[in-house]
1. Restricting attention to segment 17-32, which residues are closer than 18 Å to A65 by Cβ and open to solvent by 30 Å² or more (accessible area, probe 1.4 Å)?
2. Quick check on my filter: what residues within segment 86-104 are open to solvent by 10 Å² or more (accessible area, probe 1.4 Å), over 20 Å from E35 (Cα atoms) and charged (D, E, K, R)?
3. Could you please let me know if A202 is at pLDDT below 95 and of a type in the set (G, A, S)?
4. What's the number of the only condition in (1) under 22 Å from E207 (Cα atoms); (2) open to solvent by 70 Å² or more (accessible area, probe 1.4 Å) that E82 fails to meet?
5. Going by the structure shown, is A140 modelled with pLDDT of 95 or more, of a type in the set (A, V, I, L, M, F, W, C) and over 30 Å from P33 (Cα atoms)?
6. Please specify each residue of segment 106-136 satisfying the condition of being of a type in the set (K, R) and modelled with pLDDT of 95 or more.
7. From the set of residues in segment 129-144 that are surrounded by fewer than 21 Cβ atoms within 10 Å (Cβ to Cβ) and touching a residue at least 24 places away in the same chain (Cβ under 8 Å), which is farthest from A191 (Cα to Cα)?
8. Being among the acidic types (D, E) and under 15 Å from V96 (Cα atoms) is the filter here, so list the residues in segment 128-143 that pass it.
Amino acid sequence: MSLIQEISECLQKGKAKNVKALVQQALDENLDPKEILNEGLLDGMMAIGTKFKNNEVFVPEVLVAARAMNAGLSILEPKLIEVGNEPVGKAVIGTVKGDLHDIGKNLVVMMLKGAGFEIYDLGVDVEPAKYIDKAEEVGADIICMSALLTTTMPSMKDCLEQLEERNLRDKYIVMVGGAPVNESFAQKIGADYYTPDAASAAETAREAVMKKRA
């Protein structure tokens with residue numbers, strides 16, 4: 001097994017110390033930092049995402065894999081900056097106003113990081129305008145909104161209406177998700193995508209950005 005494959009395997013098993021050591025070893029052996037990222041860390045995280053979607057692993061396994069990925073990234077990031085590695089895209093994410101649930105949102109954050117996105121996490125109870133202001137500030141590609149309560153879902157519609165009012169609707173890919181949210185609601189409020197789980201969210205986000213840039 002190659003060193004890069006070993007990084008991916010250890011990440012999937014959540015072995016943070018091993019991942020950190022192997023990333024360092026790969027750098028010491030002058031392997032390309034982008035290759036370590038894409039074929040080692042991100043490959044491992046996407047594999048976990050697929051297993052999660054297929055109910056082969058569960059939230060605790062995803063969390064330990066994400067921790068291992070972050071351990072590897074802590075060593076790798078300075079090198080990636082040196083070689084000018086560009087993220088796949090930038091995403092602004094948060095749980096909507098009035099809603100304090102964040103487990104689902106945090107899983108999506110991890111999966112998006114695992115798909116190569118730069119993330120701006122606004123946390124919970126986020127005002128509609130705050131998503132837009134942050135997206136404008138950082139030059140985001142995607143706005144992701146999460147809700148766990150039916151009573152907070154209208155806040156998603158408010159955000160989309162404010163995007164229209166500010167003539168910014170076409171500038172951003174808008175994704176929505178959360179337990180009470182579904183495809184018909186997403187279509188009704190004019191969101192671009194609804195995804196049922198964190199792994200699908202990351203895949204969809206990646207494809208959407210590629211498609212928009214094509």
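The values are calculated or read from the model by the stated rules, or taken from the named source; none is laboratory data. Predicted model, so just to flag it, every value in this text is computed and none were measured. Note: ideal-geometry Cβ built from the backbone for every residue, glycine included; neighbour counts use all protein chains shown. All accessible areas refer to the heavy atoms of the entire protein, side chains included, with ligands and DNA or RNA removed. Shrake-Rupley method; radii C 1.70, N 1.55, O 1.52, S 1.80 Å.
1. Those that are closer than 18 Å to A65 by Cβ and open to solvent by 30 Å² or more (accessible area, probe 1.4 Å): K17, N18, K20, A21.
2. Matches in segment 86-104: K90, K97, D102.
3. For A202, the condition - at pLDDT below 95 and of a type in the set (G, A, S) - is met.
4. With respect to (1) under 22 Å from E207 (Cα atoms); (2) open to solvent by 70 Å² or more (accessible area, probe 1.4 Å), E82 is out only on (1).
5. No; evaluated as a whole, the condition is false for this residue.
6. K130, K134
7. Taking the candidates together, the pick is V138.
8. D133
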